[in-house]
Amino acid sequence: MGSDGILERSRGVMLAQWGELLRLRSEVLRTSDLEAIHDLRVASRRFRAAVNLFEPWIPSKRAALLKKRSRKLTRLLGALRNIDEALLFFRQHPPAGSGGGYQICRLLAESRPGELKRIKKSLKAFDARGLGRTVRKAAAGMEEARGAGRGEHSLQACFSATGLRLFQPIHDLLPLATSRDQRGPRHLLRIAIKKWRYFLEIAGPVLGADAGKILGLLKEYQTILGRMNDVAEFGALCGSLKLSRHERVFVERILQKEDELLLQKLTTLIKQKPLTYTSLL
């Protein structure tokens, strides 16, 4: 495929990512649905990943603005998503004899309306029209010459180099991930896998490549590592709430048990389905 064809597909992917972000923003404002909130957060990350990938062919000021605003949207949604996921988890793991109605669920549920109100206020103020114009101008203004001016031989070469660069931290972190005390490397591995997955989801359609198999495997890794991160976030949430000593001890134990189970699953996955580099070219 020539550079013109790849540029055209790149424009289409960027506009499609933006359209999905706007659709989910409207759905969250309309329904406050848990899944829509999570999907909007993911869409904001995917859109930012697209801007990052296509940045050599976008005027720098436009790229910087789009990355800044999409990052702000991602962060806006984080607290409510953590509250909702924590509610689901603790309702599924009640202490014996509590009937499922223990203090942490009540406190989390009470915190949700205020957080949702804050999010809806920010989403309503989100300059969708103005940013939409910037997105369309950025997509229309993508030029091969701009990328070549930064020392890249071609779009294909840039994508290939980006894929290798994004996989390198995964390669480095995987050997550390199964050690019980290596929470830091596991956190970094989760982020690295997420970035590589977004790259493949974007670059695959642009290059006309099928990345379905590796994306399926990355989803398995991301599910376990994401849940481990959730457990850490649940612990932080509990630390911010006024719980009885008895309930705090129970919560700490159930989170530790969940973390150990997830570590076993991750260890098995790495052993049975190791991650290796996959090129789209």
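Here is a list: Ile254, Ile193, Ile202, Ile170. Which entry is β-branched (Val, Ile, Thr) and under 22 Å from Ile6 (Cβ atoms)? Lay out the reasoning, then the answer.
Details: Ile254 fails: under 22 Å from Ile6 (Cβ atoms); Ile193 fails: under 22 Å from Ile6 (Cβ atoms); Ile170 fails: under 22 Å from Ile6 (Cβ atoms).
The conditions single out Ile202.
I'd like to check something: does region 114-125 contain any residue that is assigned to a loop (DSSP other than H, G, I, E, B) and more than 21 Å from His38 (Cβ to Cβ)? Scanning region 114-125 turns up no residue that is assigned to a loop (DSSP other than H, G, I, E, B) and more than 21 Å from His38 (Cβ to Cβ).
Taking region 172-183 as the range and being modelled with pLDDT of 95 or more and farther than 16 Å from Leu269 by Cβ as the test, only Asp172 passes. Can you confirm whether Arg45 is closer than 19 Å to Leu200 by Cα and in the same structural domain as Ala138 (by TED's automatic domain parsing)? Yes; evaluated as a whole, the condition is true for this residue.
Residues that are outside any helix (DSSP H, G or I) and within 25 Å of Leu15 (Cα to Cα) do not occur anywhere in region 186-198. For first residues located in region 241-255 and in the same structural domain as Tyr102 (by TED's automatic domain parsing), partners that are modelled with pLDDT of 90 or more and part of a loop (DSSP other than H, G, I, E, B) and lie 6+ apart or on another chain with Cβ distances below 9 Å do not occur. Of the set (1) buried (at least 17 other Cβ atoms within 10 Å of the Cβ); (2) in a helix (DSSP H, G or I); (3) at pLDDT below 95; (4) not assigned by TED's automatic domain parsing to the domain that holds Leu280, all apply to Gly204 but (4).
Pick out the one residue from Ala86, Ala16 that is at pLDDT 90 or above, crowded, with 16+ Cβ neighbours inside 10 Å and assigned to a helix (DSSP H, G or I). Spell out how you get there, then give the answer.
On the way: Ala16 fails: crowded, with 16+ Cβ neighbours inside 10 Å.
Going through Ala86, Ala16 in turn, just one is at pLDDT 90 or above, crowded, with 16+ Cβ neighbours inside 10 Å and assigned to a helix (DSSP H, G or I): Ala86.
What is the residue count in region 187-216 for residues that are under 18 Å from Lys265 (Cβ atoms) and touching a Ser or Thr at 6+ places or on another chain (Cβ under 9 Å)? Final tally of qualifying residues: 0.
When you go through Arg9, Arg62, Arg81 one by one, which is the residue that is at pLDDT below 95, assigned to a helix (DSSP H, G or I) and in contact with a Pro (Cβ under 7 Å, 6 or more places away or on another chain)? First the steps, then the outcome.
Values: Arg62 fails: in contact with a Pro (Cβ under 7 Å, 6 or more places away or on another chain); Arg81 fails: in contact with a Pro (Cβ under 7 Å, 6 or more places away or on another chain).
So the residue among Arg9, Arg62, Arg81 that is at pLDDT below 95, assigned to a helix (DSSP H, G or I) and in contact with a Pro (Cβ under 7 Å, 6 or more places away or on another chain) is Arg9.
Select, from Gly212, Gly226, Gly184, Gly235, the only residue that is over 23 Å from Gln156 (Cα atoms), loosely packed, with under 12 Cβ neighbours inside 10 Å and without any contact (Cβ under 8 Å) to a residue 60 or more places away in the chain. Talk me through it step by step, then tell me what you get.
Details: Gly212 fails: over 23 Å from Gln156 (Cα atoms); Gly226 fails: loosely packed, with under 12 Cβ neighbours inside 10 Å; Gly235 fails: loosely packed, with under 12 Cβ neighbours inside 10 Å.
Being over 23 Å from Gln156 (Cα atoms), loosely packed, with under 12 Cβ neighbours inside 10 Å and without any contact (Cβ under 8 Å) to a residue 60 or more places away in the chain holds for just one of Gly212, Gly226, Gly184, Gly235, which is Gly184.
The values are calculated or read from the model by the stated rules, or taken from the named source; none is laboratory data. Remember, it's a predicted structure, so these values are computed and weren't measured experimentally. Backbone-built Cβ (ideal geometry, glycine too); neighbour counts: all protein chains shown.
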